[in-house]
Amino acid sequence: MIEPTPKQVQEEKIYRSWGLSDSEYELISEKILGRLPNYTETGLFSVMWSEHCSYKNSKKVLRKLPNDSSRVLAGPGEDAGIIDIGDNQAVVFKAESHNHPSAVEPYQGAATGVGGIIRDIFSMGATPIALLNSLKFGPIDNDQTKHLVKEVVAGIGGYGNCIGIPTIGGEIAFEKCYEKNPLVNAMCIGLLDNTQFKHGQASGNDNLIVYVGAKTGRDGIHGATFASDEFSNKKKKQRSAVQVGNPFMEKLLMDACVEIIHEHSEWILGVQDMGAAGLVSSTAEMASKADSGLMLNLDNVPQRETNMSAYEMMLSESQERMVLCIKPEFKKQVLGFFESYNLDAVVIGKVTSDKQYRIYHNDELVVDIPVDSLVEDVPEYDHQGIMPERIIESKEQYIPEMESFRDTWLSVLSSPTIASKAYLYQTYDAQVKSNTVVKPGSDAGVVRIRGTRKAITSTNDSNSRYVYVDPYIGGQITVLEAARNIVSSGGIPVGITDCLNYGNPEDPEIFWELERSVQGIADVCRKFDVPVISGNVSLYNEFNKEAIYPSPMIGMVGLIENIDHITTSCFKNSGDLIYVLGSTSSDFNGSEIQNLQLGKVEGALNDIDLDIEKKNQNLILSAIKQGLLKSCHDLSEGGLAVALSESAFENKLGFNIQTNISTVEMFSETQSRYLITVDSKNKNQIESLFGNNFECLGFVTNDSIFTVKARDGELDLELNEALNSWKEAIPCLMK
Amino acid sequence: MLLAKVYVTLKDSVVDVQGETIKDATHSMGYKNVLDVRMGKYFEIKFDKRTDDFENDIDSICDDLLANPNIESYRYEIVEDN
Amino acid sequence: MLLAKVYVTLKDSVVDVQGETIKDATHSMGYKNVLDVRMGKYFEIKFDKRTDDFENDIDSICDDLLANPNIESYRYEIVEDN
Amino acid sequence: MKFAVIVFPGSNCDMDLYYAIKDGVNEQVELVSYKETSLDGFDGILIPGGFSYGDYLRSGAIASHAPIINEVKRLAELGKPVLGICNGFQILTEIGLLPGTLTNNRQNRFICEDVQLIVENNQTQFTSEYELNEQITVPIAHGEGRYYCDDETLQMLKDNHQIVFKYTHDVNGSIEEIAGITNKQKNVLGMMPHPERAIETILGSDDGLKLFQSMVKKQKDEVQL
Ligand SMILES: Nc1ncnc2c1ncn2[C@@H]1O[C@H](COP(=O)(O)OP(=O)(O)O)[C@@H](O)[C@H]1O
Ligand SMILES: [Mg+2]
């Protein structure tokens, strides 16, 4: 192929198909370069200035999020954020979305999503200790969705299991709006044993740039180069740009990178993974952060395919590749080190002092632009939001119809959002490394830190129904729900990573959703002093102009100071007293039962009293620290009915309760509530701690029966019948 | 009875992570003249009898089930098998 | 250059879990005339040149690496490939 | 007693085993690379779980050509204890130290869960601390754990009491619910469940501990003789 000339790029407006607007192109050619960029340069600008790399549409909104606290060692800007957990240890975590790749090729899309987020963690020198994921699909009522679910789950497991990092938690939801646009968000947590970490920087004149890992192919290049034949005959096309993950190679890469950063820190100045926009994004960012320039020679890049152009090599998203900046005197040692791991490592360039980004290919200078133009000069867009018409500001609550208390109870349990996801998450190795104390199935996953009394707890949460009906309060709830899960397991929330999944931000209504929900998230984070230290934005999640629900996903990490505090959601012994902390009112807008009965969610949400929320979190933590709680489960979707059932299932214990709450209110989703059990001998102690904001419901039984006397109705339900509805729903749909 | 022999292979442009690992293994076993290994799948499907749209049926089975059209291509032969 | 095409199949006596799953899937897709599906592996190995003991080498690669003699058998063809 | 944990590229339960020995039974343990050719000085060989070489081609297949394998075979022939867990079991069948094969689970997917095992034979150096028919809780985490062998082999396993652990129910389609077997001499044990993940109650179970205690006891008894 003969590359178009700079003139052709301009005249035929080739840049448009790569996502650059006319005004952006003009800015580049007239203001930044003072000449027309050539084909390759235009390609570099187009990816570096994409939303994915530059956040040009969301930066302003992201600034709302607080990113500092006394524990933060590094916030957004690095591959991942870092939180101090004491004793010279820190945790590093980040979440990443892989929605579009997973829609196109579900297995590999999900697998490479996991692979990518793991690289972000070990590139900081941290040892990955846990994975989580948040998945959203359409309802499982057709073969296509079944296939998507099966392949995405297999891809996540395939990668995580093979590389040997336990998957300790996550969430899976089903909603019509995700049918053609599934969400696949993955999160990784790493442990830094020494708070000395490696910045992703390329500094110091003449220091060397080393490429490590898999060879470069034409993977993931969706530019104009072969776009035409790509979409013409989908099934029979002979070329494919799909990235394929190689967890085996990543395991070698991970072990090698962690070891070299720990043992030979004097050899290296910076480490960065090659993620989206591969070589260009990793190297340009490394140089820009260090205020340096860079010279690369593409002829040295290990290549899997023949005749690759500079454009293709720079933009390739081949997986399992890293870039290091090293001191020249250690070149031999570094290359030898990676060779002992059977990994390709070659010098592909060096750091320069003039802040230019220069690329040579076939002995020709093919790119010569200021480094900062790629990273710093991206225009920022300020969109104006408009409140969508569907938003009903009335806080009047939907009141469920209930013919049969029992049937409603069972149908809520078997609703896919509520039903057990074990059939799916059981395909993830949750225990490898032998540190997992709480596996998927409780409120939050927990891994202990070997050699200490500490443990880390984490959860992924998003309830896009709430965000859809009321972005601001919905945003608040997303953070609060995550925090309740952390607190229930015995942890103090210490930090957040997020994936902000929305539709097209150029649509003012969608921008409004984005702005309002992030405001809600930010306000809660400030109030609770929980910083957002990393994250990811995924916009344009639409199919045929139908956007997904606004879906911010919160990945929260908590610190458990003493493993004795680890608490799980399941009932432990018959005779234990059951309490609900927090009061219940009619909160049905956006709820599971509203969705079940109306087939949709609507109506504004009641305001949340953040002081009560905070107070209840503190009460739970203090009860846990005093050793008073046998179990603790936050109340979320499906309300008290679901929480009671879930707590009963694991150990097959029944319960006998009597309450002032009405039968419909058993399904109300009032915030800030917890279901706890307590040894009866601690009755007085817990009640005096809780003050007046609780109800003692009854006790745990060993007769496998759910007995409920509500204000206006009763229930006697066999545990096994309830268990079946809850446990078999997903396997049944997947058949 | 009919037997369809289906060969599913990765498209050339797709990295074959298994093939590469196998190639490395052959080298460490001493077979240095191995230049490349590609790994695919091979299916033998027995059919009762020829249907009206037989080749079409096989194409659909391949497209929807045996091969992942995003990264793989396939070919097949049909032989009588009695 | 030489190309060896290697076919590895499960012995008849061994249950083919994946084959059965695929057979069930073809039935639920409506292809009721599928009697049996067996899944095997297919390799394309490129060699630099013919060595003295060429067929012997390929046999060893198959016996020692590509096939598990407990449950699988193999066959191959060699073609010139230039 | 001094144990070697063999580390292949892609092994990922090596540290779990390391800690099971070091902290679980307080014995000496070293990680030994697949590239080594000597295991002199070790009293027991442990082959960990994971995905050696990504489990590409077939689980255990590529690892069976690693330099260390000859030495593993040599020590096994000398009667030293060799324990392979999960991928380790798959490797032991691939190198012919144990009969049979591990193939895809009946469900055709990976399964991670706690399972119940029955100790079928407590007269081995790996199980002497268990009661006969004792029921223990040990996690599994595998996609290819369905044990298969031909009828003749099965009969031989039974006649020689080589079946050491069985699942209490059909977990993955294994013949006769087999979860772990030894060789004829009973110094090589392969099992799919992970005893090294069950050595502390905080992790859910410590039922795996007795397996390592049995190995240590056997060696101490021998030293005393
Ligand atoms: N994709 C997944 N991966 C791992 N674990 C999951 C996944 N989806 C759900 N789970 C687990 O199932 C349990 C219930 O999930 P969920 O109902 O979302 O919890 P909650 O409402 O408390 O946030 C949790 O322990 C969660 O970690
Ligand atoms: Mg919860």
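The values are calculated or read from the model by the stated rules, or taken from the named source; none is laboratory data. No experiment lies behind these values; they were computed from the predicted model shown. All Cβ positions, even for glycine, are placed from backbone atoms using ideal geometry, and neighbour counts span all protein chains on display.
Structure notes:
- Residue within the range A:675-685 that is more than 27 Å from A:D611 (Cα to Cα) and surrounded by 22 or more Cβ atoms within 10 Å (Cβ to Cβ) present: no
- Scope the range A:628-657; condition within 11 Å of A:K572 (Cβ to Cβ), part of a loop (DSSP other than H, G, I, E, B) and away from ligand 2 (no atom under 14 Å from the Cβ); matching residues: A:N651, A:L653
- Test: residue in the range A:691-714 that is closer than 18 Å to A:S415 by Cβ and of a type outside the set (K, R): yes
- Residue in the range A:482-504 that is part of a strand (DSSP E or B) and either within 16 Å of ligand 2 (Cβ to nearest atom) or at pLDDT below 95 (or both) present: yes
- The range A:690-727, subset outside any strand (DSSP E or B) and among the hydrophobic types (A, V, I, L, M, F, W, C), residue nearest to the chain's Cα centre (by Cα): A:W726
For (1) part of a strand (DSSP E or B); (2) of a type in the set (A, V, I, L, M, F, W, C); (3) surrounded by 24 or more Cβ atoms within 10 Å (Cβ to Cβ); (4) touching a Phe, Trp or Tyr at 6+ places or on another chain (Cβ under 6 Å), each residue gets a yes or a no:
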{"residue": "A:E266", "(1), (2), (3), (4)": "no, no, no, no"}
{"residue": "A:L279", "(1), (2), (3), (4)": "no, yes, yes, no"}
{"residue": "A:M295", "(1), (2), (3), (4)": "yes, yes, no, no"}
{"residue": "A:L324", "(1), (2), (3), (4)": "yes, yes, yes, no"}
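- Residue among A:E312, A:E259, A:E305 that alone is under 26 Å from A:N194 (Cα atoms) and acidic (D, E): A:E259
- Within the range A:3-14, tally of residues that are farther than 16 Å from A:D368 by Cα and part of a helix (DSSP H, G or I): 6
- A:S415 satisfies every condition listed in (1) within 12 Å of ligand 1 (Cβ to nearest atom); (2) surrounded by 24 or more Cβ atoms within 10 Å (Cβ to Cβ); (3) over 18 Å from the mean Cα position of the chain (by Cα) except (2).
- One residue alone among A:A483, A:A522 is within 16 Å of ligand 1 (Cβ to nearest atom) and either farther than 17 Å from A:G555 by Cα or among the small types (G, A, S) (or both), and that residue is A:A483.
- Verdict on D:G96 being free of Cβ contacts under 8 Å to residues at least 24 places away in the same chain and either farther than 17 Å from D:S38 by Cα or buried (at least 24 other Cβ atoms within 10 Å of the Cβ) (or both): yes
- If you go through the range A:448-472 and keep only what is more than 16 Å from ligand 2 (Cβ to nearest atom) and closer than 20 Å to A:L62 by Cβ, you end up with A:S464, A:V467, A:P471, A:Y472.
- Residue within the range A:371-384 that is over 26 Å from A:K31 (Cα atoms), exposed (fewer than 15 other Cβ atoms within 10 Å of the Cβ) and outside the structural domain of A:Y25 (by TED's automatic domain parsing) present: yes
- Candidate set: the range A:165-192, residues that are part of a loop (DSSP other than H, G, I, E, B) and farther than 19 Å from A:K251 by Cα; chosen: the one farthest from ligand 2 (Cβ to nearest atom): A:K180
- Considering the conditions (1) within 14 Å of ligand 1 (Cβ to nearest atom); (2) of a type in the set (K, R); (3) more than 14 Å from chain D (Cβ to nearest Cβ), A:K439 is excluded by exactly one of them, (3).
- If only residues of the range A:555-595 that are under 30 Å from A:V537 (Cα atoms) and assigned to a helix (DSSP H, G or I) are counted, the one that is nearest to the chain's Cα centre (by Cα) is A:E592.
- Scanning the range D:18-38 for residues that are more than 9 Å from chain A (Cβ to nearest Cβ), crowded, with 19+ Cβ neighbours inside 10 Å and touching an Asp or Glu at 6+ places or on another chain (Cβ under 7 Å) turns up just one, D:I21.
- Tabulated pairs, the range A:685-703, first of a type in the set (D, E, K, R), second not in a strand (DSSP E or B), C-beta under 7 angstrom, 6+ apart or interchain: A:E695/A:T659; A:E695/A:N660
- Some residue of the range A:450-463 being modelled with pLDDT under 95, more than 11 Å from ligand 1 (Cβ to nearest atom) and among the small types (G, A, S): yes
- C:E44 being acidic (D, E) and modelled with pLDDT of 95 or more: yes
- Filtered residues of the range C:50-74 (kept if away from chain D (no Cβ under 14 Å) and either touching a Phe, Trp or Tyr at 6+ places or on another chain (Cβ under 8 Å) or aromatic (F, W, Y) (or both)): C:F54, C:D57, C:I58
Rundown of residues vs (1) outside any loop (DSSP other than H, G, I, E, B); (2) under 30 Å from A:I492 (Cα atoms), yes/no style:
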residue	(1), (2)
A:R16	yes, no
A:E24	yes, no
A:I28	yes, no
A:P37	no, no
A:V47	yes, no
A:N57	no, no
A:D68	no, yes
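- The residues of the range C:19-58 that are assigned to a loop (DSSP other than H, G, I, E, B) and touching a residue at least 40 places away in the same chain (Cβ under 8 Å), listed by number, are C:D48, C:K49, C:R50.
- The condition (being within 14 Å of another protein chain (Cβ to nearest Cβ), of a type in the set (S, T, Y) and either within 16 Å of ligand 2 (Cβ to nearest atom) or surrounded by fewer than 20 Cβ atoms within 10 Å (Cβ to Cβ) (or both)) is satisfied by just one residue among A:Y428, A:Y360, A:Y423, A:Y398: A:Y423.
- Tally, over the range C:10-48, of residues that are of a type in the set (D, E, K, R), at the interface with chain B (Cβ under 8 Å from one of its Cβ atoms) and either within 18 Å of the chain's Cα centre (by Cα) or closer than 20 Å to D:L57 by Cα (or both): 5
- Screening C:L35 against (1) over 20 Å from B:L65 (Cα atoms); (2) surrounded by 13 or more Cβ atoms within 10 Å (Cβ to Cβ) leaves a single unmet condition, (1).
- Leading residue by the ranking (nearest to A:N463 (Cα to Cα)) among those in the range A:552-582 that are within 14 Å of chain D (Cβ to nearest Cβ), within 15 Å of ligand 2 (Cβ to nearest atom) and of a type outside the set (A, V, I, L, M, F, W, C): A:T568
- Some residue of the range C:6-16 being at pLDDT 90 or above and among the polar types (S, T, N, Q): yes
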